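Just below is one structure, and these are the notes that go with it.
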Ligand code: FAD
Ligand code: THG
């Protein structure tokens, strides 16, 4: 996509009550948002809701409100922690909106028990109290359980039950008290816009002018999105929830619930008490997709209490197998029946994460959708911060609407992947595990060759990415690669060790096509990029610079390589799709920005023999003197015109060679043919990740995000304070950081960790967490980067892995080739 933003209209003039905001939807998310916006001084807020308050008929109206805070995503856990804290302080009729009964997850298989240990790791890393407990302890916590098949549980005392409707009402009331307007029985039918900005919201009862519109329409998101010309990547699916008849065992229950909310993931079930009844939710049934365009708003005429639009009739046949599982787990249920049940609708996204943030297509139009009750207050706070201050205090890149590539927004993709998320909601998922469908979606021009070489593909951003090549298996024979535990051995092969070795000793080809490429051109390009990034870009054409995109608060939005290909022509190596949005949003007239990733391709040719391979193929001088480190050149490699960057994320001599997609296969074949004499191999991302960690090269989004400043992240070398740039005023190069991205080496040469594990310094609670980790095949140790308080090299720490405590030691950076003799020669 491309745009010259000179035609954009000015943003609306500031007013004391803030801009005019219309929030569409008064479910838990819309209500929380009204509260969070008005709390920040944006009080000109109108909430429009099609149904009748206080239970307008969306997913919130009958959510049973189980809150399990622990999640592999640190961001979702932060959302949940804030929701618990907030609901705990909210009162409706004098009763808190959160009931801290705790949470209990059960394991009936060894695989699940291991997963519960991992979840305990996430909890410790993200600051949630929890411990893995015995079956006997599970029985104490839930006496009705038959624990004969239970191997253990994960108990989280601070989890519990949210009272969703009262919490929504309480937040809405508070917003009203600050001046917000709440209008129910108003159905939004259109979004008005002018010059690419929203100007108002059309309802069946009139038009409401607006500077900002937030769609908090829950599973109707795609319907409202279409009114704004925005594809909303969520799929509504129905999910069964039922209540039993009263149980004699619970007779006389004074409290609504006292026992922990319960999850039995091995059977896709969860449980809570409703006084003397048990409420049960199931994800065990077939996916039941719902077309949001076919669901009318709440019709009171036929309402009669419960026929809400988000509630479909209970399909008993889907329930039957689960009911047997319920009765086995809770034998008291054998004497009772289901009293009532329904198929309730809520949203699933292709990756299971919410969709938050501003739309690229229509300025002033925001989304806050696919959010659970569990995450509602935290997500609303983040969106409110984003709207009011331009950024959230928590990293949102996993939730950002723009994370989906064009090819990941088709209705069929969203439907297929949404249904898959439903099926997998409680599955034990490996962090590298890709979804199986729809694949392949995006392939590089080298795909056919990769398949011939037996590539083992994983998927990222829609791209097929080789992780290793079976063709290299003979190279792994005889290599001393430590055996792995079953979990870390998944999506891994010892062939990666051989590929890493080949790149250190000979030369390897890496498919770098998925690396995002932006082209910035025009007379204002240099001044613009200089103002947007931290390093010095005022170098003659041919220079490549490693530089950072910061937000106004000095947080790292991205790290880039910027190649100056001509006076007014720059090629950027970027990270997330949000980089494009950020640059477009700041670009002045006279600057054009294009994402050229699709349509071009890139091969990394790296290793000590890279020059021997490439030089004979080109008339240009590829010597160290003729083509220095971090320089760019145009050249022909055989018949193929390329842009060559002398850059290496794996820390070896070599180049990134870029060309157009049509010539990609020819480029690959040319390099392959010439490389035979040098023992060239194709190498995958598994080796790539190992090599970059040995070299200490950070990966944005994993090692650092906009929550971190450059100095903490060890990237101060890329900041030049002698020019103006976004975020500069927030930086203090002399401040002593409270935390640092710290390299660790595991002491046991056979041990590995995978990322997101808690790290403790003194042996007590976690002091930090691992970001990325990989075995370093050259170093003979696992390398793990972790956010920790500043520690001197040599300090011993422990990393928790499956309930084990693995000793590790703070290392000195860089771990490999500190004198850069391998790259600069
Ligand atoms: P909603 O509550 O659906 O609110 C959206 C609102 O927008 C609706 O009120 C709708 O009427 C309004 N709207 C839509 N279109 C328009 C329009 N054109 N004009 C005006 N208004 C419009 N989550 C948990 O955290 N824990 C649980 O235990 C849990 N269990 C669940 C069990 C069931 C059976 C179901 C169905 C969901 C469950 N969820 C649970 C999920 C949770 O309920 C939802 O994720 C959450 O309520 C979504 O809130 P929301 O505000 O985004 O959407
Ligand atoms: N190649 C290109 N662009 C990219 C990446 C890439 N952009 C996104 C991401 N990867 C950026 N990350 C890095 C990280 C480190 C280096 C390059 C890109 C690197 N650093 C050297 C170092 O730290 O010693 C040199 C730094 C310097 O000289 O300033 O090489 O892989 N095109």
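The values are calculated or read from the model by the stated rules, or taken from the named source; none is laboratory data. As the structure is a computational prediction, the values presented were derived from the model and not from experiment. Methodologically, a virtual Cβ is constructed for each residue, glycine included, from the backbone with ideal geometry; neighbour enumeration extends over all protein chains shown.
A few comments on the model shown:
- Checked against (1) modelled with pLDDT under 95; (2) in contact with a helix residue (DSSP H, G or I) (Cβ under 9 Å, 6 or more places away or on another chain); (3) not in a loop (DSSP other than H, G, I, E, B), residue 301 meets all criteria but (2).
- Taken across the range 782-800, residues that are farther than 26 Å from residue 709 by Cβ, surrounded by fewer than 18 Cβ atoms within 10 Å (Cβ to Cβ) and in contact (Cβ under 8 Å) with a residue 60 or more places away in the chain do not occur at all.
- Every residue from the range 360-371 that is in a loop (DSSP other than H, G, I, E, B) and closer than 30 Å to residue 436 by Cβ: 360, 370, 371
- Any hit, the range 605-612, residues being crowded, with 22+ Cβ neighbours inside 10 Å and without any contact (Cβ under 8 Å) to a residue 60 or more places away in the chain: no
- Residue satisfying condition, being away from ligand 1 (no atom under 15 Å from the Cβ) and either at pLDDT 95 or above or within 15 Å of residue 170 (Cα to Cα) (or both), within set 38, 77, 60: 38
- Single match in 560, 550 (criterion: under 25 Å from the mean Cα position of the chain (by Cα) and free of Cβ contacts under 8 Å to residues at least 60 places away in the same chain): 560
- Among the residues here, residue 693 does not qualify as more than 16 Å from ligand 2 (Cβ to nearest atom) and either at pLDDT below 95 or part of a helix (DSSP H, G or I) (or both).
- Among the residues of this structure, residue 688 counts as one that is crowded, with 21+ Cβ neighbours inside 10 Å and in contact (Cβ under 8 Å) with a residue 60 or more places away in the chain.
Per-residue answers, yes or no, for (1) modelled with pLDDT of 95 or more; (2) within 28 Å of residue 686 (Cβ to Cβ); (3) touching a strand residue (DSSP E or B) at 6+ places or on another chain (Cβ under 9 Å); (4) not in a strand (DSSP E or B):
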site: 724; (1), (2), (3), (4): yes, no, no, yes
site: 744; (1), (2), (3), (4): yes, yes, yes, no
site: 755; (1), (2), (3), (4): yes, yes, yes, yes
site: 763; (1), (2), (3), (4): no, no, yes, yes
site: 770; (1), (2), (3), (4): yes, yes, yes, no
site: 791; (1), (2), (3), (4): yes, no, yes, yes
site: 799; (1), (2), (3), (4): yes, yes, yes, no
site: 806; (1), (2), (3), (4): yes, yes, yes, no
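- Meets criteria (surrounded by 18 or more Cβ atoms within 10 Å (Cβ to Cβ), assigned to a loop (DSSP other than H, G, I, E, B) and in contact with a strand residue (DSSP E or B) (Cβ under 9 Å, 6 or more places away or on another chain)) for residue 597: yes
- Condition met for residue 181 (touching a helix residue (DSSP H, G or I) at 6+ places or on another chain (Cβ under 8 Å), modelled with pLDDT of 95 or more and at negative phi): no
- Test: residue 347 is within 16 Å of ligand 2 (Cβ to nearest atom) and either surrounded by 22 or more Cβ atoms within 10 Å (Cβ to Cβ) or in a loop (DSSP other than H, G, I, E, B) (or both): no
- Residue count for the range 48-57, restricted to those that are near ligand 1 (Cβ under 9 Å from one of its atoms) and either over 16 Å from residue 163 (Cα atoms) or surrounded by 24 or more Cβ atoms within 10 Å (Cβ to Cβ) (or both): 6.
- Among the residues of the range 29-51, those identified as within 18 Å of residue 357 (Cβ to Cβ) and assigned to a loop (DSSP other than H, G, I, E, B) are 40, 42.
- Considering residues of the range 381-418 that are within 16 Å of ligand 1 (Cβ to nearest atom) and more than 17 Å from the chain's Cα centre (by Cα) only, the residue nearest to residue 288 (Cα to Cα): 381
- Of all residues in the range 144-156, those being assigned to a loop (DSSP other than H, G, I, E, B) and touching a residue at least 60 places away in the same chain (Cβ under 8 Å) number 3.
- Within the range 19-44, considering residues that are more than 29 Å from the chain's Cα centre (by Cα) and under 21 Å from residue 86 (Cβ atoms), the one nearest to ligand 2 (Cβ to nearest atom): 41
- Screening residue 470 with (1) surrounded by 17 or more Cβ atoms within 10 Å (Cβ to Cβ); (2) in contact with a helix residue (DSSP H, G or I) (Cβ under 9 Å, 6 or more places away or on another chain) gives one miss only, at (1).
- Every residue from the range 430-460 that is out of contact with any strand residue (DSSP E or B) (no Cβ under 7 Å at 6 or more places or on another chain), free of Cβ contacts under 8 Å to residues at least 24 places away in the same chain and in a loop (DSSP other than H, G, I, E, B): 436, 437
- Selection status of residue 180, buried (at least 22 other Cβ atoms within 10 Å of the Cβ) and within 30 Å of residue 116 (Cβ to Cβ): no
- Residues of the range 650-689 classified as over 35 Å from the mean Cα position of the chain (by Cα) and more than 23 Å from residue 457 (Cβ to Cβ), total: 7
- Members of the range 504-523 found to be buried (at least 21 other Cβ atoms within 10 Å of the Cβ) and either farther than 22 Å from residue 700 by Cβ or without any contact (Cβ under 8 Å) to a residue 24 or more places away in the chain (or both), listed by number: 504, 507, 508, 509
- Which numbered condition residue 679 misses (of (1) surrounded by fewer than 17 Cβ atoms within 10 Å (Cβ to Cβ); (2) free of Cβ contacts under 8 Å to residues at least 60 places away in the same chain): (2)
- Residue 61 falls short on exactly one of the conditions (1) in contact with a helix residue (DSSP H, G or I) (Cβ under 6 Å, 6 or more places away or on another chain); (2) part of a helix (DSSP H, G or I); (3) farther than 21 Å from residue 154 by Cα, and that condition is (1).
- When each of 339, 398 is tested for being surrounded by fewer than 23 Cβ atoms within 10 Å (Cβ to Cβ) and part of a strand (DSSP E or B), the lone residue that passes is 339.
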